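The values are calculated or read from the model by the stated rules, or taken from the named source; none is laboratory data. Model, not experiment: these values are computed from the prediction. In this analysis, Cβ positions are derived from the backbone assuming ideal geometry, glycine residues included, and neighbour counts consider all displayed protein chains.
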Amino acid sequence: MTNPRRPAAFLDRDGTLVHDDGYMSRPEQLRPMRNAAYGIRRLIALGFVPVVVTNQSGVGRGLITRAQMARMTDRLRRLFAERGVRFAGVYVCPHHPDDGCACRKPKAGLLTRAARELKLDLKRSVMIGDSDRDVVAGRTVGARTILVGRKAMGRPSADHVARDLIDAARWLSRTASRRSSRTTLPRP
């Protein structure tokens, strides 16, 4: 018997997992958002595999090297591991917005690559981020979408708008329980 594909919680980095302080180039600049790790642990408890998908055009713009980006990714993994979260993968688009690559969100290349490599079910997944680019990428692959953070409040382009990752996990928990109760109720 083959393993069924698992749903992912695709997570944007800046503004979702860590504070968005512009083009960061030093690992010590990464500061986790308040309660982000707790929210991700709740997502994991709901059965989602946490995967980071992030545009980092600072590399393509020459503001940060690939080596610096690798060190920042290592620090991101360490910061969240210290808080009980292990990411299944961290997928980075290093390209300049004008490069026309297939991986820069709002295109879905990072999500489809992660799904292929990690054996994820895109249709049962969720894309969580702080911009419309994240929503479009998630919708392109058929995933549910959640906008998080202050910038997202009042912008109803996503399936849900949440204050933070804890609020996002609560909404997913409620929608999952509504779905399961609908499927287990006897039909008239």
Next item on the list: For V85, state whether it is buried (at least 16 other Cβ atoms within 10 Å of the Cβ), within 16 Å of M33 (Cβ to Cβ) and free of Cβ contacts under 8 Å to residues at least 60 places away in the same chain.
Entry: yes
Notebook entry, point to check: Being within 23 Å of L147 (Cβ to Cβ), touching a strand residue (DSSP E or B) at 6+ places or on another chain (Cβ under 8 Å) and hydrophobic (A, V, I, L, M, F, W, C), is that true of even one residue in region 56-75?
Noted result: no
Margin query: It is to be established whether one or more residues within region 7-15 are more than 10 Å from the chain's Cα centre (by Cα), small (G, A, S) and surrounded by fewer than 19 Cβ atoms within 10 Å (Cβ to Cβ).
Written below: no
Next item on the list: Specify the residue that is surrounded by the fewest Cβ atoms within 10 Å (Cβ to Cβ); the eligible residues are those in region 88-100 that are touching a helix residue (DSSP H, G or I) at 6+ places or on another chain (Cβ under 9 Å) and assigned to a loop (DSSP other than H, G, I, E, B).
Entry: H96
Check: Just checking, which of K119, K105 is basic (K, R), buried (at least 22 other Cβ atoms within 10 Å of the Cβ) and at pLDDT 95 or above?
Finding: K105
Checklist line | Residue tally, condition within 18 Å of L63 (Cα to Cα) and in contact (Cβ under 8 Å) with a residue 40 or more places away in the chain, over region 14-28 | finding: 8
Margin query: Can you tell me how many residues within region 38-71 are surrounded by 19 or more Cβ atoms within 10 Å (Cβ to Cβ), of a type in the set (A, V, I, L, M) and modelled with pLDDT of 95 or more?
Written below: 6
Note to self: Pull out all pairs, ordered by first then second residue, where Cβ-Cβ is under 9 Å, the residues are six or more apart or on different chains, the first lies in region 44-60 and is part of a loop (DSSP other than H, G, I, E, B), and the second is among the hydroxyl-bearing types (S, T, Y).
What the structure shows: L46/S173; F48/S125; Q56/Y23
Check: So, of the residues in region 5-37 that are in a loop (DSSP other than H, G, I, E, B) and closer than 18 Å to T145 by Cα, which turns out to be modelled with the lowest pLDDT?
Finding: G15
Notebook entry, point to check: Just checking, how many residues over region 137-172 are at pLDDT below 95 and surrounded by fewer than 17 Cβ atoms within 10 Å (Cβ to Cβ)?
Noted result: 8
